[in-house]
Amino acid sequence: MHRIFIISDLQVPYHDEAAVAGVAQMISDIKTEADTVVTVGDEQDFQTISKWSQGTALEHEGSIGRDRDTTRQVFRDLQIEHTIRSNHTDRLWQQVARRMPGLVGLPELELENFWGLKELGITHHPKGFEVAPGWLALHGDESGTSQNAGSTAAGLVKKTGMNVVCGHTHRLGLVPYTTGIYGGNMNTLYGMEAGNLMDPLKVSYAKTFNWQQGFSILYVDGADVFPVSVPIINKSFVVEGEMFSW
C-alpha cells in the first residue's frame, strides 16, 4: 500500500505558513519512496495580474517574482511531484494573451518554465490526470460549484463516471455516490474536495467564509483506493494516529 497526499489552494502569498510547515513536517516524517505528493491547483494566487486588480494599487505591488520564489520553496518543502491547471494559475497566460499578445509563446512566460518545474522534478498536468486507479485529479472549476462541502466533487463524479479529488472550493468534504438495484450491481464512486492551506487573515476579498483548512490522502492498495480527509483543527491534525501541532 502507498499514499498519495493531496494538497489544494495554497494561493501563495496568502498561504498559512505555519500550517504548510506542519503538513511539510508530517510528509517529511512519514513519506516513503512509494508515496506521492500532488497539488490540485491554485498554488500561487497571481493576485497582481488578476482582472480584479486592474486599476488598483495591487496591480503595481511588484510582488509576482517574490511570490514565484516562495511558491517554489513551498513546492520543495511539501515535496510536490505533480501539479495540475487551475483558474488562478491560468491567470499567467490569460493576462499575457489579453494585455500583451505579442508575448504569447515566450517560453519564460509558460507556467512550467515560470515556476521552473523541470528543475524541481515536478510534472504539470494541464488537463488534470488519473492520480490513482479510477481517480481523477481535477481542479474543481470544470463544471458548476456548490456551497456544500464535497458536492462540487460529487457533481464531477456524475459527469466523468470516475472518482474525483479536487480543490477550488476551499472546502473539505467526501461525498459517496452509489448505484445499484435490489442490492446487486452495487458501485460506489467518491467525490472528494481537498480543503485549503490558506490563512484567512490574509484574505481581504472574502467577508464570510465557508472554507475548511485541511488536506486529503488516498491510500492505494492495488486497484483499491481508500480516501481520507484530514481536517486542521486548532492548529493541529491527526494522520494515522499521530497528532501534528504548531
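The values are calculated or read from the model by the stated rules, or taken from the named source; none is laboratory data. Since the structure is predicted, the reported quantities are computational estimates derived from the model, not experimental observations. Cβ atoms come from the backbone with ideal geometry, glycine included; neighbour counts cover every protein chain shown. For accessibility, only protein heavy atoms count, side chains too; no ligands or nucleic acids. Shrake-Rupley method; radii C 1.70, N 1.55, O 1.52, S 1.80 Å.
If you filter the range 186-229 down to residues that are out of contact with any Pro (no Cβ under 8 Å at 6 or more places or on another chain), modelled with pLDDT under 95 and in a strand (DSSP E or B), you find that the one that is most open to solvent (accessible area, probe 1.4 Å) is Met186.
Hey, could you check the range 127-136 for residues that are among the aliphatic types (A, V, I, L, M) and open to solvent by 10 Å² or more (accessible area, probe 1.4 Å) and say which is nearest to Leu78 (Cα to Cα)? If you could, list the steps in order and put the result at the bottom.
First, the residues of the range 127-136 that are among the aliphatic types (A, V, I, L, M): 131-132, 136.
Restricting the remaining residues to those that are open to solvent by 10 Å² or more (accessible area, probe 1.4 Å) gives 131, 136.
On the way: Val131: 17, Leu136: 21 Å.
Per the stated criteria, the residue is Val131.
Close contacts from the range 97-119, counting a first residue that is within 21 Å of Lys51 (Cβ to Cβ) and a second that is surrounded by 12 or more Cβ atoms within 10 Å (Cβ to Cβ) and at pLDDT 85 or above, with Cβ to Cβ under 7 Å and a gap of 6+ residues or different chains, come to Leu111/Thr89; Leu111/His124; Phe114/Arg68. Can you tell me which of His124, His139 is surrounded by 15 or more Cβ atoms within 10 Å (Cβ to Cβ), in a strand (DSSP E or B) and within 19 Å of the chain's Cα centre (by Cα)? The conditions single out His124. For Gln94, work out the one condition from (1) modelled with pLDDT under 85; (2) closer than 18 Å to Gln11 by Cα; (3) not in a helix (DSSP H, G or I) it doesn't fulfil. Failed condition: (3).
Residue count for the range 142-171 satisfying the condition of being under 19 Å from Val230 (Cα atoms) and open to solvent by 30 Å² or more (accessible area, probe 1.4 Å): 4. Among the numbered conditions (1) in contact (Cβ under 8 Å) with a residue 12 or more places away in the chain; (2) surrounded by fewer than 21 Cβ atoms within 10 Å (Cβ to Cβ); (3) not in a strand (DSSP E or B), the only one that Ser86 does not meet is (2). In the set (1) in a helix (DSSP H, G or I); (2) open to solvent by less than 10 Å² (accessible area, probe 1.4 Å), Gly41 fails one condition alone, (1). For the criterion of being part of a helix (DSSP H, G or I), open to solvent by 50 Å² or more (accessible area, probe 1.4 Å), closer than 24 Å to Arg72 by Cβ and out of contact with any strand residue (DSSP E or B) (no Cβ under 9 Å at 6 or more places or on another chain), Glu112 fails. Note on the range 50-81: residues that are among the aliphatic types (A, V, I, L, M), open to solvent by less than 70 Å² (accessible area, probe 1.4 Å) and either at pLDDT below 95 or part of a helix (DSSP H, G or I) (or both) amount to 4.
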